[in-house]
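These notes concern the structure reproduced below.
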Amino acid sequence: MSCFHTLGTPRNLNSSLIWNADEGARFSPTKANKNINSGRLASPSPTPPLLTHGTTLGIIGGLSVDATLTFLTKLVHLHGGHSIPFVLCSDPLLNKDLLSYERGHFVSATSKKSESLKLDSSPIVQSLRNKRAFLEKSGASCIVMPCNISHCWYEQVSMGCCVPILHMAECVAKELKEAKLKPLEAGSPLRIGVLATNATLEAGFYQEKLQSEGFEVVLPDRATMEHTVIPATEALDRNDMEGACNLLRIALQVLLVRAVNSVILASEDMRALLPQDDPLLKKCTDPMDALARSTMKWVRSRSSGDNT
């Protein structure tokens, strides 16, 4: 699978303007070329899409390059090591903005001030929409965002899109539904825990998708967030992997004692903390895995001629 970051020109050019794309994938016109012989404006021919495969995947990178590459690795593994056509937008400026937004919610949750931190997400939304539009023009037939925090603005990003955009939380909820789980306590509803950052939990999209499938959602209480989840992220920032891992284990155990069938690790930071042989991982669901599996289902359905 070859990965490339391209910023190209829109297809629907009906004027004599040449378009450029900056690092945030925003298209802007430059000075028009003039025909040397006639002095008239030259009319460029429409630019074809980068890829014309019916299974071309568009990927909007998220919090980190590592997380995006992890997702791509999962796709390769699920596809038997074979490549699939894809276009990737990886923007360091967007990564930085997403991280600042997420960390800003940490400050808000622990602040002793009565006023919560006001965070402007409009630049993030615009950047995500610009990248979505670029991927459409590049020939993507389906778009994914392997990033939990980006789904806070899923509705704004997907509005007006002419191709499907897979929703990570919806992929998770559907897989858990298909697993036909049984309640851990007789007579109790099926409970699913969600461990995530404040920003993701406040957005509520995991709660919404899980409840729509009939699950009862269990979230960490304020004490767990303040004494385990947020300190775990702070430990990660200090490169204290052991401390972060221990705090994550405590947070997971707090949720598991509440008789949940599984805990969704809805955070790029938390996902890779536990070693692969850790027994707690058997009780966890990785949204990145669910998104990768749903993506491959879409690829195979398109390959078999089912375009629904």
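List of remarks:
Here is a yes/no grid of residues against (1) in contact (Cβ under 8 Å) with a residue 60 or more places away in the chain; (2) buried (at least 21 other Cβ atoms within 10 Å of the Cβ); (3) touching a strand residue (DSSP E or B) at 6+ places or on another chain (Cβ under 9 Å):
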| position | (1), (2), (3) |
| --- | --- |
| 161 | no, no, yes |
| 186 | no, no, no |
| 193 | yes, yes, yes |
| 220 | no, yes, yes |
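- Residue 235 being within 30 Å of residue 59 (Cα to Cα), touching an Asp or Glu at 6+ places or on another chain (Cβ under 6 Å), in contact (Cβ under 8 Å) with a residue 12 or more places away in the chain and among the small types (Gly, Ala, Ser): no
- Listed by first and then second residue, the pairs with beta-carbon distance under 8 Å, at least 6 apart or on different chains, first residue in region 71-94 and on the phi > 0 side of the Ramachandran plot and among the hydrophobic types (A, V, I, L, M, F, W, C), second open to solvent by 50 Å² or more (accessible area, probe 1.4 Å) and modelled with pLDDT under 95, form an empty list.
Quick grid of which residues meet (1) closer than 20 Å to residue 168 by Cβ; (2) of a type in the set (D, E, K, R):
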residue	(1), (2)
200	yes, no
203	yes, no
208	yes, yes
218	yes, no
226	no, yes
236	no, no
239	no, no
245	no, no
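- Total residues in region 294-308 satisfying the condition of being modelled with pLDDT of 75 or more and out of contact with any Lys or Arg (no Cβ under 8 Å at 6 or more places or on another chain): the figure is 10.
- Residue within region 230-245 that is open to solvent by 20 Å² or more (accessible area, probe 1.4 Å) and closer than 22 Å to residue 146 by Cα present: yes
- If you go through region 133-181 and keep only what is within 22 Å of residue 302 (Cβ to Cβ), in contact with a helix residue (DSSP H, G or I) (Cβ under 8 Å, 6 or more places away or on another chain) and part of a loop (DSSP other than H, G, I, E, B), you end up with 141, 145, 146, 161, 162, 163, 164, 166, 167.
- Residue 249 vs. criteria open to solvent by 10 Å² or more (accessible area, probe 1.4 Å) and touching a residue at least 60 places away in the same chain (Cβ under 8 Å): no
- Number of the exception - residue 154 against (1) over 18 Å from residue 61 (Cα atoms); (2) at pLDDT 95 or above: (1)
- Residues being more than 14 Å from the chain's Cα centre (by Cα), open to solvent by less than 10 Å² (accessible area, probe 1.4 Å) and over 15 Å from residue 201 (Cβ atoms) - total across region 263-301: 3
- The numbered conditions (1) in contact with a Gly (Cβ under 6 Å, 6 or more places away or on another chain); (2) modelled with pLDDT under 95; (3) not small (Gly, Ala, Ser) are all true for residue 238 except (1).
- In the set (1) at pLDDT below 95; (2) open to solvent by less than 30 Å² (accessible area, probe 1.4 Å); (3) of a type in the set (Phe, Trp, Tyr), residue 101 fails one condition alone, (2).
- Tally, over region 207-232, of residues that are part of a loop (DSSP other than H, G, I, E, B) and either more than 12 Å from residue 254 (Cβ to Cβ) or of a type in the set (Gly, Ala, Ser) (or both): 3
- The residue of region 68-83 that is most open to solvent (accessible area, probe 1.4 Å), among those that are more than 14 Å from residue 294 (Cβ to Cβ) and at pLDDT below 90, is 82.
- Just one of the listed residues (175, 155, 216, 208) is in contact (Cβ under 8 Å) with a residue 60 or more places away in the chain and surrounded by fewer than 21 Cβ atoms within 10 Å (Cβ to Cβ), and it is 175.
- Residue 259, sole failed condition from (1) open to solvent by less than 30 Å² (accessible area, probe 1.4 Å); (2) assigned to a helix (DSSP H, G or I): (2)
The values are calculated or read from the model by the stated rules, or taken from the named source; none is laboratory data. It should be emphasised that the depicted structure is a prediction, and the values quoted were computed from it without experimental measurement. Ideal geometry is used to build each Cβ from the backbone, glycine not excepted, and the neighbour counts take in all protein chains shown. The accessibility values were calculated without ligands, DNA or RNA, using every heavy atom of the protein model including side chains. Shrake-Rupley method; radii C 1.70, N 1.55, O 1.52, S 1.80 Å.
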